[in-house]
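S.K.: Below you'll find the structure I mean.
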Amino acid sequence: MKLKLKIWRQKNASAKGQMVDYDVSDISEHMSFLEMMDVLNEQLISKGEDPIAFDHDCREGICGMCSMYINGEAHGPDRGITTCQLHMRMFKDGDTITIEPFRAAAFPVIKDLVVDRSAFDRIQQAGGYISVNTSGNTQDANTIPISKHAADEAMDAATCIGCGACVATCKNSSAMLFVGAKVSQYALLPQGQIEAVDRVKNMVAQMDLEGFGNCTNTGACEIECPKGISLDTIARMNRELMKAHI
Amino acid sequence: MGGFFKSSIGRKVAMALSAFFLMFFLIIHLTVNMTSVFSADLFNELSHFMGTNPLVQFALQPVLLFGVVFHFVLGFILEWKNKKARKVTYFKNNGAANSTWMSRNMMYSGLVILAFLVIHFADFWVHEINVKYINVEPADPTRYYHELVEKFVPIWRVVAYSVAFILLGLHLGHGFTSAFQSMGSTAGRKRALQNLGKAYAVIIPLGFIIIALYHHFNHH
Ligand code: HEM
Ligand code: SF4
Ligand code: FES
């Protein structure tokens, strides 16, 4: 395959960036999107140009690093996948593909397609945990009875990989799907109850402080989320916050 | 509770509460207007009651006014904050791939409704205040019907009126179920309530439009 690429180039956090056109050839339809980027970068390096910086780590859809906004969608046109799981067979020979970083004021660009998502870490640190005594006499979590239904829903929420596609997709750059997932994961389990009030208050407060927008329930995040996190988690977070204030 | 309404989620809840109030009010408004199609006398009677009853005038009316202003002012504030949350916009964004037009354009449908409300207030409310308190005219409990019908004689009014109500339908097409989600309920995600929301978003605007068309084609 031969492709025309329009890619966001930005030297550093303070530089002004722009879209730059590239041509790549010899792309196999079996390649992943990141492998296509590798081919392009090798071409750039052999020409003595600066390769395109992009985040990646596991390349198997579990770390959430590979943030790219491809043809106007987070992680490209396929569903339920990250960029590293996007295959080139989703595109046609001769296509023009636009590639941009995830955009949000709370996710500043570091270089090219790499953005700083540490705002998510700070939200997690504000309450996305339970306090457990790990001094050697830790209680076995399996001794606490949990209904199958609650366990399943908590597990579904816990599959969030913190990729930020929800924020990138949302027209309001809202982080509510991410925070909803993180709040739900604990709200559904007995271990999460003790710190429930402070957790939701502090995580929402941190989310607001980081400058994420307000959810308007368009549902776009749920569609673009690689892990299928449900909008129901946002409703649960809203209920948890109401409960915490009553 | 003070802290709650300062949070992003609290503001959403406030937005939804004002929206529920407005949606309830629209049912009453449509019901009263609908009587004008069947009986001029009944419409006059109801309008006279609404226009003279102190409870309606000095308790419900200010609450309604507050509700409307609260809803669109908070809407503006949220929209402004949401715009600020993305300083650099996308070169290419395919919003249609994952959301409806209605849900992405609440601000624009809202602005059309607001423009309508300005005309609506100038037509009826300013007129009412004028007749009742400023240039006091003798009370005429039968004037309402003719005042209403007169408004629908020029075709441009009927067209503008219909356009505004179509936009209201789009506003409600997303807003109805969205308000449930904002309140922390997942009911808006269930088929039954989605159908009720669609029915509401079609029936309410269509009702108002039918009344306008009826009077336009039947005035003497
Ligand atoms: C009688 C008239 C109106 C009704 C019945 C109505 C109804 C609704 C409903 C049901 C929602 C969804 C609330 C939620 O998601 O929680 C909503 C949201 C919204 N409305 Fe209205 N609305 C009306 C007038 C207006 C006006 C005049 C404006 C202002 C320009 C406006 C602007 C908005 C905006 C921007 C939203 C989205 C806010 C958000 O989701 O956070 N609306 N409206
Ligand atoms: S909710 Fe989905 S889209 Fe958002 S960070 Fe988690 S996995 Fe990514
Ligand atoms: S590189 Fe880990 S999810 Fe894509």
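The values are calculated or read from the model by the stated rules, or taken from the named source; none is laboratory data. All of these numbers come straight from a predicted model, not from anything done at the bench. Every residue, glycine among them, receives a Cβ derived from its backbone with ideal geometry; neighbour counts consider all protein chains shown. Surface accessibility is based on the protein's heavy atoms, side chains included, excluding ligands, DNA and RNA. Shrake-Rupley method; radii C 1.70, N 1.55, O 1.52, S 1.80 Å.
S.K.: Of B:V63, B:V73, which residue is at pLDDT 95 or above, within 10 Å of ligand 1 (Cβ to nearest atom), more than 21 Å from B:I204 (Cα to Cα) and more than 10 Å from every other protein chain (Cβ to nearest Cβ)?
M.R.: Details: B:V63 fails: within 10 Å of ligand 1 (Cβ to nearest atom).
From the options B:V63, B:V73, the qualifying one is B:V73.
S.K.: If a residue must be among the charged types (D, E, K, R) and either surrounded by fewer than 20 Cβ atoms within 10 Å (Cβ to Cβ) or within 20 Å of B:M106 (Cα to Cα) (or both), how many such residues does the stretch A:228-245 contain? Outline the logic, then answer.
M.R.: Taking the stretch A:228-245 first, the residues among the charged types (D, E, K, R) are A:232, A:236, A:239-240, A:243.
If we keep only those that are either surrounded by fewer than 20 Cβ atoms within 10 Å (Cβ to Cβ) or within 20 Å of B:M106 (Cα to Cα) (or both) too, we end up with A:232, A:239, A:243.
The qualifying residues number 3.
S.K.: Would you mind finding the one in A:G48, A:G61, A:G94, A:G76 that is part of a loop (DSSP other than H, G, I, E, B), at positive phi and within 13 Å of another protein chain (Cβ to nearest Cβ)?
M.R.: Values: A:G48 fails: within 13 Å of another protein chain (Cβ to nearest Cβ); A:G61 fails: within 13 Å of another protein chain (Cβ to nearest Cβ); A:G94 fails: within 13 Å of another protein chain (Cβ to nearest Cβ).
The match here is A:G76.
S.K.: What do you reckon, is A:K47 in contact with a Gly (Cβ under 9 Å, 6 or more places away or on another chain), open to solvent by 40 Å² or more (accessible area, probe 1.4 Å) and away from ligand 3 (no atom under 15 Å from the Cβ)? Don't jump to the end; show me each part of the working.
M.R.: Values: in contact with a Gly (Cβ under 9 Å, 6 or more places away or on another chain): no; open to solvent by 40 Å² or more (accessible area, probe 1.4 Å): yes; away from ligand 3 (no atom under 15 Å from the Cβ): yes.
For A:K47, the condition - in contact with a Gly (Cβ under 9 Å, 6 or more places away or on another chain), open to solvent by 40 Å² or more (accessible area, probe 1.4 Å) and away from ligand 3 (no atom under 15 Å from the Cβ) - is not met.
S.K.: Return the residues of the stretch B:90-117 that are farther than 15 Å from B:L167 by Cα and open to solvent by 50 Å² or more (accessible area, probe 1.4 Å); say none if nothing qualifies. Please lay out each step first, then the result.
M.R.: Here is the first cut: in the stretch B:90-117, the residues farther than 15 Å from B:L167 by Cα are B:90-99.
Selection gives B:F91, B:K92, B:N93, B:N94, B:A96.
S.K.: A further question on this structure: Working only within the stretch B:4-24, note down all residues that are among the aliphatic types (A, V, I, L, M) and open to solvent by less than 40 Å² (accessible area, probe 1.4 Å). Walk me through how you get there before you give the answer.
M.R.: Taking the stretch B:4-24 as the starting set, the residues that turn out to be among the aliphatic types (A, V, I, L, M) are B:9, B:13-17, B:19, B:22-23.
Selection gives B:I9, B:V13, B:A14, B:M15, B:A16, B:A19, B:L22, B:M23.
S.K.: Can you find, within the stretch A:173-201, the residue that is most open to solvent (accessible area, probe 1.4 Å) among those that are under 15 Å from B:S7 (Cα atoms) and within 11 Å of chain B (Cβ to nearest Cβ)?
M.R.: Filtering the stretch A:173-201 down to residues under 15 Å from B:S7 (Cα atoms) leaves A:174-176, A:179-180, A:197-201.
When the remaining residues are screened for being within 11 Å of chain B (Cβ to nearest Cβ), the result is A:174-176, A:179-180, A:200-201.
On the way: A:S174: 8, A:A175: 0, A:M176: 4, A:V179: 0, A:G180: 0, A:V200: 1, A:K201: 74 Å².
Among them, the one singled out is A:K201.
S.K.: Please report, ordered by residue number, the helices (runs of 4 or more DSSP H) entirely within the stretch B:54-136 with at least 1 residues that are of a type in the set (V, I, T). It would help to see each step written out before you state the result.
M.R.: Values: elements: B:61-84, B:101-104, B:106-120, B:126-129.
The helices (runs of 4 or more DSSP H) meeting that bar are B:61-84, B:106-120, B:126-129.
S.K.: Would you pick out the residues in the stretch B:164-202 that are assigned to a helix (DSSP H, G or I), exposed (fewer than 15 other Cβ atoms within 10 Å of the Cβ) and out of contact with any helix residue (DSSP H, G or I) (no Cβ under 7 Å at 6 or more places or on another chain)?
M.R.: B:R191, B:A192, B:N195, B:A199
S.K.: In the stretch A:122-179, how many residues are within 16 Å of ligand 1 (Cβ to nearest atom) and either of a type in the set (V, I, T) or in the same structural domain as A:G64 (by TED's automatic domain parsing) (or both)? Walk me through how you get there before you give the answer.
M.R.: Within the stretch A:122-179, the subset within 16 Å of ligand 1 (Cβ to nearest atom) is A:170-177.
So of that shortlist, the ones also either of a type in the set (V, I, T) or in the same structural domain as A:G64 (by TED's automatic domain parsing) (or both) come out as none.
Matching residues across the stretch A:122-179 total 0.
S.K.: Would you pick out the residues in the stretch A:202-222 that are more than 10 Å from chain B (Cβ to nearest Cβ) and farther than 21 Å from A:I246 by Cβ?
M.R.: Applying the first criterion (more than 10 Å from chain B (Cβ to nearest Cβ)) to the stretch A:202-222 yields A:202-203, A:206, A:209.
Result: A:Q206, A:L209.
S.K.: Can B:Y133 be described as hydroxyl-bearing (S, T, Y) and modelled with pLDDT of 95 or more?
M.R.: Values: hydroxyl-bearing (S, T, Y): yes; modelled with pLDDT of 95 or more: no.
So B:Y133 fails the test.
S.K.: Based on this model, can you work out whether A:E224 counts as within 26 Å of A:D55 (Cα to Cα) and either within 13 Å of ligand 2 (Cβ to nearest atom) or among the aromatic types (F, W, Y) (or both)? Spell out the reasoning first.
M.R.: Numbers: within 26 Å of A:D55 (Cα to Cα): yes; either within 13 Å of ligand 2 (Cβ to nearest atom) or among the aromatic types (F, W, Y) (or both): yes.
Criteria met by A:E224.
S.K.: Quick one: is B:V158 open to solvent by less than 10 Å² (accessible area, probe 1.4 Å), within 18 Å of B:V118 (Cα to Cα) and more than 16 Å from ligand 2 (Cβ to nearest atom)? First the steps, then the outcome.
M.R.: Numbers: open to solvent by less than 10 Å² (accessible area, probe 1.4 Å): yes; within 18 Å of B:V118 (Cα to Cα): yes; more than 16 Å from ligand 2 (Cβ to nearest atom): yes.
Criteria met by B:V158.
S.K.: Moving on to the next point. Test B:F49 against the criterion of being farther than 30 Å from A:I70 by Cα, open to solvent by 60 Å² or more (accessible area, probe 1.4 Å) and touching a residue at least 40 places away in the same chain (Cβ under 8 Å), and give yes or no. Please lay out each step first, then the result.
M.R.: Working: farther than 30 Å from A:I70 by Cα: yes; open to solvent by 60 Å² or more (accessible area, probe 1.4 Å): yes; touching a residue at least 40 places away in the same chain (Cβ under 8 Å): no.
Here the answer is no, as B:F49 does not meet what is asked.
S.K.: Still on this structure, please answer the following. Looking only at the stretch A:210-225, decide whether some residue is away from ligand 1 (no atom under 16 Å from the Cβ) and open to solvent by less than 10 Å² (accessible area, probe 1.4 Å).
M.R.: Of the stretch A:210-225, the ones away from ligand 1 (no atom under 16 Å from the Cβ) are A:210-211, A:223-225.
Keeping just the survivors that are open to solvent by less than 10 Å² (accessible area, probe 1.4 Å) gives A:224.
For the stretch A:210-225, residues away from ligand 1 (no atom under 16 Å from the Cβ) and open to solvent by less than 10 Å² (accessible area, probe 1.4 Å): present.
S.K.: Assess whether A:I70 counts as being within 16 Å of ligand 2 (Cβ to nearest atom), more than 20 Å from A:A158 (Cα to Cα), aliphatic (A, V, I, L, M) and within 14 Å of another protein chain (Cβ to nearest Cβ). Write out each step before concluding.
M.R.: Working: within 16 Å of ligand 2 (Cβ to nearest atom): yes; more than 20 Å from A:A158 (Cα to Cα): yes; aliphatic (A, V, I, L, M): yes; within 14 Å of another protein chain (Cβ to nearest Cβ): yes.
Here the answer is yes, as A:I70 does meet what is asked.
S.K.: Same structure again: Hand me the list of helices (runs of 4 or more DSSP H) wholly inside the stretch A:140-246 holding 1 or more residues that are within 30 Å of B:L172 (Cβ to Cβ) and within 16 Å of ligand 3 (Cβ to nearest atom).
M.R.: Those helices (runs of 4 or more DSSP H) span A:165-169, A:176-187, A:220-224.
S.K.: Could you list, in sequence order, the residues of the stretch A:89-120 that are among the aliphatic types (A, V, I, L, M) and crowded, with 19+ Cβ neighbours inside 10 Å? Write out each step before concluding.
M.R.: Within the stretch A:89-120, the subset among the aliphatic types (A, V, I, L, M) is A:90, A:97, A:99, A:104-106, A:109-110, A:113-115, A:119.
A:I97, A:I99, A:A104, A:A106, A:V109, A:L113, A:V114, A:V115, A:A119, listed by residue number.
S.K.: Look at A:E60 and say whether it is surrounded by 16 or more Cβ atoms within 10 Å (Cβ to Cβ), assigned by TED's automatic domain parsing to the domain that holds A:A13 and within 15 Å of ligand 2 (Cβ to nearest atom). If you could, list the steps in order and put the result at the bottom.
M.R.: Values: surrounded by 16 or more Cβ atoms within 10 Å (Cβ to Cβ): no; assigned by TED's automatic domain parsing to the domain that holds A:A13: yes; within 15 Å of ligand 2 (Cβ to nearest atom): yes.
Judged against the criteria, A:E60 is not a match.
S.K.: Additional query: Test of understanding: among B:F165, B:F124, which residue is under 17 Å from the mean Cα position of the chain (by Cα) and under 15 Å from B:Q57 (Cβ atoms)?
M.R.: Details: B:F165 fails: under 15 Å from B:Q57 (Cβ atoms).
From the options B:F165, B:F124, the qualifying one is B:F124.
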